[in-house]
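See structure below.
The values are calculated or read from the model by the stated rules, or taken from the named source; none is laboratory data. All of these numbers come straight from a predicted model, not from anything done at the bench. FYI the Cβ positions are ideal-geometry reconstructions off the backbone, even for glycines, and counts take in every protein chain you see. When the accessible area is computed, the model is the full protein with side chains, heavy atoms only, and any ligands, DNA or RNA have been set aside. Shrake-Rupley method; radii C 1.70, N 1.55, O 1.52, S 1.80 Å.
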Amino acid sequence: MPDISLAMIVVLCLAALAAGWIDAVVGGGGLLLLPVLLLGLPNSGPAAQYALGTNKAVAIVGTTGAAVTYARKAPVDVSTAVRIGLAALAGSTAGAFVATGMSTEVLKPVVMVVLLGVGAFVILRPAFGTAPSTGPVSPRRVLAAIGLAGLGIGFYDGLIGPGTGTFLVLTLTAILHLDLVTASATAKIVNCCTNAGALATFAWKGTVYWQLAALMAVFNLVGGTVGAHTALKKGSGFVRVVLLTVVFALVANLAYEQWVA
C-alpha cells in the first residue's frame, strides 16, 4: 500500500464507486478515476505508470461485475462481443506500441472534434439507440464491428485512451443496430478483454499497487453492478442522457489537457 492518508483513501474509494457506476451505464469511468489516482498517489517515482496500472486493476473488477449483470438480463450476443473484444485486445497492443514512438498530443484536437460531432448527432437524432433492430445482424455488419469497434477503437485505447467505452457504445449502436442498453452491455464484455491485456502488461512491469487496488475494486464492483441495474431499469432514454453528459465531459477534459494543463 502506498503511503497516503486515510482521507485520500476514502476519496479514492468513493471515486472508484462513482466511476464504476458511470462506466457500467455508458463507459468513461476512467475520466473520473484516473485523474483522482494521479492526484492521490505519491509523486515520487513513476507515479503515472502506477496510476494507470492501479486503475486497470480496479476497473477490470467493476467492468466484469457489470458485464455479468448485463449478460444475465440483457439480450447480449456474447460470442460476437468476445470476438470484438479479442480484436480490441490486438488493436490496443498495437496502439500502445505506436504510442511509445510518437506524441499523442497532436491527436487530441481531432478526438475533440469527433466527440463534438458525436454529441451533435445524438442530440439531432433523438431516436438513436432507443430501439434495437428487429431482424438478425448480417455477417458483414459483425465483421465491420470487429474491424471498427475492435481493431479501430482498440488501437485508439492503446494510443490515447480517454472515452474508449463511450466510443464503443456509440459504434456498436450504429453498426449492429443495438439499443443503447444492449450496446453498453456488449461494450462491457469488450472492455473486459482489453482491460485484461492492459493489466497483464502493467502487472508484468510491476506498476500496480495491489492492496490499494483490491480495496478500491470492492467499491468499483458495487458501482458497476448498481450502474448496470440502473441502465437496465431506466432504459435507453436514461442512458442517452448519461451518454451526452460523458461525451461533453470528455471534450472538456481533453481541451483542458491540450490548452490549459
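Residues that are surrounded by fewer than 17 Cβ atoms within 10 Å (Cβ to Cβ) and of a type in the set (G, A, S) were ranked within segment 205-237; the one that is nearest to A71 (Cα to Cα) is G235.
On the basis of being out of contact with any Phe, Trp or Tyr (no Cβ under 9 Å at 6 or more places or on another chain) and open to solvent by 60 Å² or more (accessible area, probe 1.4 Å), does V260 make the cut? Yes, satisfied.
Condition first: part of a helix (DSSP H, G or I) and surrounded by fewer than 21 Cβ atoms within 10 Å (Cβ to Cβ). Now tell me which residues in segment 1-16 satisfy that.
Once the filter is applied, which keeps residues that are part of a helix (DSSP H, G or I) and surrounded by fewer than 21 Cβ atoms within 10 Å (Cβ to Cβ), segment 1-16 yields L6, A7, M8, I9, V10, V11, C13, L14.
Pick out the one residue from T64, T54, T69 that is part of a helix (DSSP H, G or I), out of contact with any Lys or Arg (no Cβ under 9 Å at 6 or more places or on another chain) and of a type in the set (S, T, Y). The unique qualifying residue is T54. The criterion of at least 3 residues that are in contact (Cβ under 8 Å) with a residue 24 or more places away in the chain, farther than 13 Å from A81 by Cα and under 14 Å from the mean Cα position of the chain (by Cα) is met by the following helices (runs of 4 or more DSSP H) wholly inside segment 134-212: 153-159, 164-176, 180-205.
All of A228, A196 fail the test of being hydrophobic (A, V, I, L, M, F, W, C) and closer than 20 Å to A51 by Cβ, apart from A196. Do we have V76 as open to solvent by 10 Å² or more (accessible area, probe 1.4 Å), in a loop (DSSP other than H, G, I, E, B) and either at negative phi or touching a strand residue (DSSP E or B) at 6+ places or on another chain (Cβ under 6 Å) (or both) here? Considered against the rule, which asks whether it is open to solvent by 10 Å² or more (accessible area, probe 1.4 Å), in a loop (DSSP other than H, G, I, E, B) and either at negative phi or touching a strand residue (DSSP E or B) at 6+ places or on another chain (Cβ under 6 Å) (or both), V76 comes out as yes. Looking at L244, L250, just one residue is within 18 Å of A120 (Cα to Cα) and open to solvent by less than 10 Å² (accessible area, probe 1.4 Å), and that residue is L250. Scanning segment 43-54 for residues that are open to solvent by 20 Å² or more (accessible area, probe 1.4 Å) and modelled with pLDDT of 75 or more turns up Q49, Y50, L52. With respect to the conditions (1) farther than 20 Å from A249 by Cβ; (2) β-branched (V, I, T); (3) modelled with pLDDT under 90; (4) surrounded by 16 or more Cβ atoms within 10 Å (Cβ to Cβ), T134 lacks only one, and its number is (4).
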